[in-house]
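The values are calculated or read from the model by the stated rules, or taken from the named source; none is laboratory data. The structure presented is a predicted model; accordingly, all values stated were derived computationally and were not measured. Backbone-built Cβ (ideal geometry, glycine too); neighbour counts: all protein chains shown.
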Amino acid sequence: MSDLDFISGSKPIGIERGEGPYLYTDDGTEYLDVGASYACTPLGHSHPAVVDAVQEQVADLTFVDSSYPVQSREDAYASLVAAAPDGLESAWFCNSGTEANEAALKFARSATGDSKIVAATRSFHGRTMGSLAATWKDKYKKPYEPLAGDVEFVPYGDGEELAAAVDDETAAVILEPIQGEGGINVPPAGYLETAREATEEAGAALVLDEVQTGMGRTGEMWACQNAGVTPDVLTTAKGLGNGLPVGAVAVQDWIADGAASHNATFSGGPVVGAAVHATISTLVEAEYPAHAAEVGDYLVTELEAALGDSVREVRGEGLLVGVELKRGANRVARDLAMNHQVLALPAGRTVLRLLPPLVIERAEADRVVDAIADALGATDDS
Ligand SMILES: *Cc1c(COP(=O)(O)O)cnc(C)c1O
């Protein structure tokens, strides 16, 4: 079995419907979805606020191009800019995370007039030619080379190496505030500040890829807010439309002013616009970021207590949690799915990744902890 077999459509579980953090098969079996299908459903599956907004919009006007003002697009734009960190006053919508990062790198190059991109080891920014060039894993890249050029990699988490790589020719530094795909890697305190200072000094753009960390998951709307750092460019996708395919780039004025021609036919379409507006409004009004912080802390504490020495480490922030195992994560994820009806994701070879919808409560966290403890044969003395 190749590494990807389990995560690429071969799960023998036919999903028919979803509600909150649960997915159901046609025979009514209930699965607790702790992967949230890669963090795409922060409000839980088929959240009524998003469903209603999308159904209404798809019936009224499914599509018109972005040269016409449409209320749902304007609402989406206003809610994203309001929810973005202060200082990011403009946004551009696209259809996915990789497309958001492509745009980010293009905008950084045109605004600075430079070309060099500094990226980090173990990064993941997407699978189109530009984003892929800034992605670390050779397995994703090698067969498709040559990719976009002028990318230099530095070890993730090492501020000195990062600062040393940023120079007058640097257009952008692109980083995930916490690496998702690469194994839920939390950088040391001060790392993002160092990246902020180094880019500012060199006149380069700091691009923070919040495709996985954003939308309230880490306890703030954006993970960079935990570090008190405002990027020049912030990218988002995954949970932005609670399951509809949409991404966005939020930028500071100097990036917006320096951006050359760029667009996409489906940019900010009415239906995804309705989804974005409903998703952000609901997240903000129900204060789900704070809820994610609270339940996330509880989940990590309980995991540590229950798993003890049977794992290497439990780490993360809010409801972005990685459990570093002493064995392969694919097999454990399969066991959790088949024997405990808990759906989790691997992140790299040995990390079990938990990205539940932000709506989960302590009772669901308990169920996750019990299932993992059982799958690992850890004695639960709680
Ligand atoms: C998933 C992901 C992407 C790519 O998003 P797609 O929508 O799959 O193109 C980019 N960056 C990060 C951090 C991601 O987790």
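Pairing each residue of the stretch 89-100 that is more than 13 Å from residue 276 (Cβ to Cβ) and β-branched (Val, Ile, Thr) with any residue that is within 8 Å of the ligand (Cβ to nearest atom) and modelled with pLDDT of 95 or more, provided the two are 6+ apart or on different chains, yields C-beta distances under 6 Å for 98/126; 98/127; 98/128; 98/131. A single entry from 84, 100, 104 fulfils the requirement of being closer than 16 Å to residue 248 by Cα, away from the ligand (no atom under 12 Å from the Cβ) and under 18 Å from the mean Cα position of the chain (by Cα): 84. Hey, among the residues in the stretch 33-66 that are among the aliphatic types (A, V, I, L, M), crowded, with 22+ Cβ neighbours inside 10 Å and not in a helix (DSSP H, G or I), which one's nearest to the ligand (Cβ to nearest atom)? Within the stretch 33-66, the match that is nearest to the ligand (Cβ to nearest atom) is 34.
Considering every residue within the stretch 78-85, establish whether at least one is assigned by TED's automatic domain parsing to the domain that holds residue 232, at pLDDT 95 or above, closer than 30 Å to residue 169 by Cβ and not basic (Lys, Arg). Break it down into steps so the answer makes sense when it comes.
Just the residues of the stretch 78-85 that are assigned by TED's automatic domain parsing to the domain that holds residue 232, to begin with: 78-85.
Narrowing the set further to residues that are at pLDDT 95 or above leaves 78-85.
With closer than 30 Å to residue 169 by Cβ added as a condition, the list becomes 84-85.
If we keep only those that are not basic (Lys, Arg) too, we end up with 84-85.
Yes: one or more hits.
Search the stretch 7-32 for residues being part of a strand (DSSP E or B) and in contact (Cβ under 8 Å) with a residue 24 or more places away in the chain, and hand back the single one that is farthest from the chain's Cα centre (by Cα). Per the criteria, the residue is 30. Considering each residue of the stretch 171-183 in turn, none proves to be without any contact (Cβ under 8 Å) to a residue 12 or more places away in the chain, in the same structural domain as residue 127 (by TED's automatic domain parsing) and of a type in the set (Gly, Ala, Ser).
Of the residues making up the stretch 99-141, those that are hydroxyl-bearing (Ser, Thr, Tyr), surrounded by fewer than 24 Cβ atoms within 10 Å (Cβ to Cβ) and part of a helix (DSSP H, G or I) number 3. When the residues of the stretch 142-181 are narrowed to those that are over 17 Å from residue 118 (Cα atoms) and crowded, with 18+ Cβ neighbours inside 10 Å, which ends up nearest to the chain's Cα centre (by Cα)? Per the criteria, the residue is 180.
Only one residue in 304, 287 is away from the ligand (no atom under 16 Å from the Cβ), under 28 Å from residue 45 (Cβ atoms) and either surrounded by fewer than 22 Cβ atoms within 10 Å (Cβ to Cβ) or outside the structural domain of residue 86 (by TED's automatic domain parsing) (or both), so which one is that? Give the steps one after another, and end with the answer.
On the way: 304 fails: under 28 Å from residue 45 (Cβ atoms).
Within the list 304, 287, the selection yields 287.
Residue-by-condition table, conditions (1) over 23 Å from the mean Cα position of the chain (by Cα); (2) in a helix (DSSP H, G or I):
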residue	(1), (2)
257	yes, yes
263	no, no
266	no, no
271	no, yes
283	no, yes
289	no, yes
309	yes, yes
322	no, no
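The requirement of being aliphatic (A, V, I, L, M) and either without any contact (Cβ under 8 Å) to a residue 40 or more places away in the chain or not assigned by TED's automatic domain parsing to the domain that holds residue 173 (or both) is not satisfied by residue 105.
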